[in-house]
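Values quoted throughout were computed directly from the atomic coordinates according to the rules given, and no laboratory measurement underlies them. In this text, all values refer to a predicted model and were calculated from it rather than measured experimentally. For neighbour counting, all protein chains shown are included, and Cβ atoms are generated from backbone atoms with ideal geometry for every residue, glycine included.
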């Protein structure tokens, strides 16, 4: 994705996905967030260990 988007657009996409994943992780008590994120292609603990990109 980073190849097809401008730097600012990629940062916005990255930060939006990160924010929504962290929000989902807080609300999701029955299963681990990695069960959802890994089939989508994200590494294990991506939402917990990744920081936002400055825009």
* Please list, ordered by first then second residue, the pairs with beta carbon atoms under 8 Å, 6 or more apart or interchain, first in segment 3-23 and in contact (Cβ under 8 Å) with a residue 24 or more places away in the chain, second surrounded by 13 or more Cβ atoms within 10 Å (Cβ to Cβ) and in a helix (DSSP H, G or I). => 18/47; 21/37; 21/46; 21/47; 22/47
* Asked: Looking only at segment 18-41, which residues are under 17 Å from residue 1 (Cβ atoms) and in contact with a helix residue (DSSP H, G or I) (Cβ under 8 Å, 6 or more places away or on another chain)?
  -> 18, 21, 37
* Asked: Could you list, in sequence order, the residues of segment 43-55 that are touching a residue at least 12 places away in the same chain (Cβ under 8 Å) and surrounded by 11 or more Cβ atoms within 10 Å (Cβ to Cβ)?
  -> 46, 47, 48, 50, 52, 53, 55
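Within segment 1-33, which residues are surrounded by 10 or more Cβ atoms within 10 Å (Cβ to Cβ) and farther than 26 Å from residue 55 by Cα? I'd like the intermediate steps shown before the answer.
Filtering segment 1-33 down to residues surrounded by 10 or more Cβ atoms within 10 Å (Cβ to Cβ) leaves 2, 5, 7-25, 28, 32-33.
Result: 28, 32.
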